[in-house]
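Let me begin by presenting the structure, written as structure tokens, before commenting on it.
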Amino acid sequence: MELRAVRAVVTGGASGLGRATVARLVAAGGRAGILDLPTSPGAEAARALGDAACFVPADVTSADQVAAALREARARLGGLNVLVNCAGVAWAGRTVGKDGPHPLDVFVRVIEVNLVGTFNCLRLAAALMAENAPTDDGERGVVINTASVAAFEGQIGQAAYAASKAGVVGLTLPAARDLADVGIRVVTIAPGIFDTPMLALLPDAARESLTRQVPFPRRLGRPEEYAALVAHVVENPMLNGTTIRLDGALRMAPR
């Protein structure tokens, strides 16, 4: 798929990896919708990118809200052939900590946003993409999910987060196989440590410690580097049903 033909929706597109992705696709001549919470700076981000971008507010865990937002985005963009799932939350807590067992409601919430929200958007977007006319090679759409290296090497305190991201990795191949007959590809990116608003919440000492764990380049990843991989996945039709680590050879230590 050529980037200038992209009509994308990016969840979590108001900030971080999502916002960089929207900017990259628009700069390449595509059009993109930012799907994010109504309280997010999504409208501001869309205005900054001009007429090629729009904001469609929704909570990724709501079937009704996402369905309506995707239909609105398709109408405003003139189509829908790419979905990039960047929306997510993080929470740290041991399985049993000083205050007792891990709060179950927190675990459920992380799974609900990161895993259920990803699948909710994937299934609804794919249903719309299946209505597209196929390209010359039979492609109707591309779905790109965001996992994390925590899916493979979750650290102490990451039981909920790692489980949610491992679920995203696990659904990638079955979803790609499910959607192969209608010409929709599914790929997941598993970033390492990236300089995002979520990471900015950590103390400087913690950020520096994480940076030192990356073999090369020894720095935080840049959202633009994630966005560049998204663009390549869109353009490369042989990328399907797989998870790509984007981590500078990082393998997370227990803590």
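Among the residues of the stretch 222-255, the ones that are in a loop (DSSP other than H, G, I, E, B), surrounded by 15 or more Cβ atoms within 10 Å (Cβ to Cβ) and out of contact with any helix residue (DSSP H, G or I) (no Cβ under 9 Å at 6 or more places or on another chain) come to 3 in all. Is it the case, given these coordinates, that Asp137 is among the charged types (D, E, K, R), without any contact (Cβ under 8 Å) to a residue 12 or more places away in the chain, surrounded by fewer than 20 Cβ atoms within 10 Å (Cβ to Cβ) and on the phi < 0 side of the Ramachandran plot? So Asp137 fails the test. If you check Leu179 against the conditions, is it over 30 Å from Asp136 (Cβ atoms), crowded, with 17+ Cβ neighbours inside 10 Å and over 15 Å from the mean Cα position of the chain (by Cα)? No: the conditions fail for Leu179. If Thr21 satisfies all but one of (1) within 17 Å of Ile144 (Cβ to Cβ); (2) among the hydroxyl-bearing types (Ser, Thr, Tyr); (3) in a loop (DSSP other than H, G, I, E, B), what's the number of the condition it fails? Evaluating Thr21 over (1) within 17 Å of Ile144 (Cβ to Cβ); (2) among the hydroxyl-bearing types (Ser, Thr, Tyr); (3) in a loop (DSSP other than H, G, I, E, B) leaves (3) as the failure. Report yes if some residue within the stretch 3-12 is surrounded by fewer than 23 Cβ atoms within 10 Å (Cβ to Cβ), β-branched (Val, Ile, Thr) and not in a loop (DSSP other than H, G, I, E, B); otherwise report no. There is no residue in the stretch 3-12 that is surrounded by fewer than 23 Cβ atoms within 10 Å (Cβ to Cβ), β-branched (Val, Ile, Thr) and not in a loop (DSSP other than H, G, I, E, B).
Filtering the stretch 140-171 to residues that are surrounded by 21 or more Cβ atoms within 10 Å (Cβ to Cβ) and polar (S, T, N, Q) leaves Asn145, Thr146, Ser148, Gln158, Ser164. If you go through the stretch 140-170 one residue at a time, how many are basic (Lys, Arg) and under 20 Å from Leu199 (Cα atoms)? Residues meeting the conditions: 1. Tell me, which residue of the stretch 188-221 that is acidic (Asp, Glu) and in a helix (DSSP H, G or I) is farthest from Val149 (Cα to Cα)? In this case the residue turns out to be Asp204.
Among the candidates Gly12, Gly78, Gly93, the residue that is within 21 Å of Leu199 (Cβ to Cβ) and modelled with pLDDT of 95 or more is uniquely Gly12.
The values are calculated or read from the model by the stated rules, or taken from the named source; none is laboratory data. Being a predicted model, the structure only gives us computed values, none of them experimental. When we count neighbours, we look across all protein chains shown, and the Cβ atoms used for this are built from the backbone with ideal geometry, even at glycine.
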